[in-house]
Each structure stands twice: as structure tokens, then as C-alpha cells.
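Quick note: the coordinates plus some simple rules give every number you see, no bench work behind them. Since this is a predicted model, take the numbers as computed values, not measurements. Using ideal geometry, Cβ is built from the backbone for each residue, glycine included, and neighbour counts are taken over all protein chains shown.
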Amino acid sequence: MTHGYPDEGREPSVDWQDLTDLTRGEPFVVERVRLTGNDVAIEGRFEPPQLARLAIDDQVFVAAFVRSHGSIKEMERIFGVSYPTIKSRLNRIAEKLDFVETDPAPPGADVVDRLRRGEIGVREALEELGRSR
């Protein structure tokens, strides 16, 4: 693993693969970040992005999936494996990632759901919807 401060003018480097090997999949935080091109360093507690926390072979797989525009047929060709194998690996990787809700429920949807389940009456639902505006 390369680390530290090599020759003056060159930036230190640590490959994500080296870091992944070193941590063996255990959670870690980054405590110092140096901006390339200047001497600005930021210290704190930074969690690496989710994709950086994946094993290097999973990172390569995800990159190939993105480059193939999500084509499982292309992934079969690239990796020389079957459709079920690709799907299984995608599912395994997906379980390791937290997803951000990109299509949130419209305002008041929870009130309508509670009304539908009979937890509240029509009058209470209308009052709650009126207050949320």
C-alpha cells in the first residue's frame, strides 16, 4: 500500500483496493482529506461513499453495469456468466447499499392510507389534510 508523503510536489495516494484489503470489509471513517493541487487539508470524520465501501470486485462489477447501461445481456457477455448469476450478484450488492427515496409520497398520503385502513374517520382526515397545507 502506498501512503504518506512521497517526493515533494507529488500527492500521497492510497488505492481504494488497498484500503478495502486493509479494513477487510470492516466499517471505517476518513479523518483527513487533502485537496489535490494545493495544501488545503480538511480534518473531521467522513464516511466513505457507499460504493467505496464495497469490495473491489463488486466496485468493478457496478462500474461495468453502469458502462453497459444496465444491460444484463452485455454483463453476461463481459463476465462470461449466465443471467441468474448476474441477477444474483446484483441482488447481493443491492443488499449492501442504502437507497434514497427519489419519488417521495405526496403530502397527505399517510393520512389517506390511515383513512383507508380505518384508523381515522373522514372528518379527522379532512382536518389533518387542512392543517398540512
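Taking the Cα centre of segment 22-93 as the origin and placing charges on Cβ (Lys, Arg +1; Asp, Glu -1), which of V60, N91, F28 is farthest toward the positive end of the dipole?
Toward the positive end, the furthest listed residue is N91.
Looking at segment 19-97, which chymotrypsin sites (Phe, Trp or Tyr not before Pro) are DSSP coil and have at most 15 other C-beta atoms within 10 Å of their C-beta?
Values: sites: F28, F46, F61, F65, F79; in loops: F28.
Here the chymotrypsin sites (Phe, Trp or Tyr not before Pro) that fit, given the DSSP loop and packing criteria, are F28.
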